[in-house]
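Structure record follows, encoded as structure tokens.
The values are calculated or read from the model by the stated rules, or taken from the named source; none is laboratory data. Everything numeric here is computed off the predicted structure, so don't read it as measured data. Cβ coordinates were reconstructed from backbone atoms using ideal geometry, including for glycine residues, and neighbour counts include every protein chain displayed.
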Amino acid sequence: MDDARNDETSFGFRRVKTGEKAGLVRGVFDSVAGRYDMMNDLMSGGVHRIWKSVFLDRLSPRPGEKLIDAAGGTGDIARGFLIRADARHGAANQPPARAVICDINFEMLKAGEARRDMADYSDRLARVTGDAERLPFPDRSADACTIAFGIRNVTDMDAALREFFRVLRPGGRFFCLEFSHPVMEGLQKIYDAYSFNVIPWLGEHVAGDRDAYQYLVESIRAFPAQEAFALMLREAGFARVSYENLTGGVAAIHSGWKV
Ligand SMILES: C[S@@+](CC[C@H](N)C(=O)[O-])C[C@H]1O[C@@H](n2cnc3c(N)ncnc32)[C@H](O)[C@@H]1O
């Protein structure tokens with residue numbers, strides 16, 4: 001992207017040196033890890049659960065599949081993937097599905113490991129620290145690759161998309177869930193008022209870190225619009241690229257196939 005050429009990138013609304021962003025993002029998630037799940041529920045009124053559920057419906061996990069969930073944080077997507085694959089197991093004579101959560105931030109992985117609702121999956125769930133721009137996995141090693149609310153934090157998104165393409169087997173699918181840009185008349189104003197006022201306030205008074213949540217809001221605005229991000233998927237090599245707006249475009253699911 002242009003940013004990389006200028007040796008500068010966005011960190012929310014700030015311009016920072018490209019090499020500085022990962023450290024700044026790590027600082028944000030180090031700070032919020034312990035309260036991450038609770039804050040998600042509070043900020044979104046639980047709506048993030050509905051978005052993740054729709055996302056997993058579209059991903060349609062199957063028994064025997066292996067998922068790499070990049071920027072997987074505390075593990076909502078990996079857990080949902082395994083639950084849904086198990087539910088479809090039925091009489092199929094296949095091994096159970098497996099998932100790897102890869103996240104640059106050890107504190108987020110640790111917070112996920114401490115979740116009681118993850119305990120049942122420990123034999124089929126691995127956690128690995130790693131950068132989405134340089135995934136620590138071999139070529140063609142996954143059936144599905146996901147990233148939820150993570151891609152906008154990555155410094156070089158094109159590099160990460162190429163990595164998702166590389167680790168997928170031919171026929172594998174990539175799904176991305178991310179905050180996006182409202183397309184419904186009038187929604188942008190309400191959304192701006194809420195996110196620029198309420199979310200930083202909650203960050204300050206509940207999570208004890210206003211700046212981290214100010215970054216969250218700003219990074220959403222700096223993220224490419226739906227069509228522009230779809231084009232980035234195509235440029236990374238994905239076929240059958242499409243997207244679906246959720247809640248009038250407040251979030252969107254992008255998907256593509258490696259053929
Ligand atoms: C908003 S959280 C999303 C976590 C989880 N996917 C979810 O939906 O609840 C963003 C995550 O991205 C991780 N992250 C940020 N930059 C990353 C990178 N370059 N590579 C891998 N993970 C990254 C952060 O550590 C954090 O856990």
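Structure notes:
- Taking the listed residues Val183, Val128, the one that is touching a strand residue (DSSP E or B) at 6+ places or on another chain (Cβ under 9 Å), part of a strand (DSSP E or B) and at negative phi is Val128, with no other qualifying.
- Matching residues in segment 135-175 - criterion: being among the polar types (S, T, N, Q) and more than 12 Å from the ligand (Cβ to nearest atom): Ser141
- Residue list for segment 15-52, restricted to those being surrounded by 15 or more Cβ atoms within 10 Å (Cβ to Cβ) and not in a helix (DSSP H, G or I): Val16
- For Gly203, the conditions (1) farther than 25 Å from Gly130 by Cα; (2) under 17 Å from the mean Cα position of the chain (by Cα); (3) surrounded by 15 or more Cβ atoms within 10 Å (Cβ to Cβ) are fulfilled apart from (2).
- Residues in segment 113-134 that are among the small types (Gly, Ala, Ser), more than 9 Å from the ligand (Cβ to nearest atom) and modelled with pLDDT of 95 or more: Ala126 only.
- Odd one out for Val183, checked against (1) surrounded by 15 or more Cβ atoms within 10 Å (Cβ to Cβ); (2) within 17 Å of Ala230 (Cβ to Cβ); (3) away from the ligand (no atom under 16 Å from the Cβ): (1)
- Of the candidates Gly34, Gly23, Gly27, the single residue that is at pLDDT below 90, farther than 30 Å from Pro95 by Cα and away from the ligand (no atom under 11 Å from the Cβ) is Gly34.
- All conditions but one from (1) closer than 15 Å to Phe149 by Cα; (2) outside any strand (DSSP E or B); (3) of a type in the set (A, V, I, L, M, F, W, C) apply to Phe175; the one that does not is (2).
- Selection within segment 89-109 - within 11 Å of the ligand (Cβ to nearest atom) and either loosely packed, with under 15 Cβ neighbours inside 10 Å or not in a strand (DSSP E or B) (or both): Ile104, Asn105, Phe106, Glu107, Met108, Leu109
- Considering segment 53-80, and only residues there that are assigned to a helix (DSSP H, G or I) and more than 19 Å from Asn105 (Cβ to Cβ), the residue that is nearest to the chain's Cα centre (by Cα) turns out to be Phe55.
- Count of segment 69-83 residues, restricted to those that are under 21 Å from Leu161 (Cβ atoms) and either of a type in the set (Gly, Ala, Ser) or more than 11 Å from the ligand (Cβ to nearest atom) (or both), is 6.
- Of the residues making up segment 136-167, those that are of a type in the set (Ser, Thr, Tyr) and either at pLDDT below 95 or in contact with a strand residue (DSSP E or B) (Cβ under 6 Å, 6 or more places away or on another chain) (or both) are Thr146, Thr155.
- Check on Asp86, more than 12 Å from the ligand (Cβ to nearest atom), more than 25 Å from Ala228 (Cβ to Cβ) and assigned to a helix (DSSP H, G or I): yes
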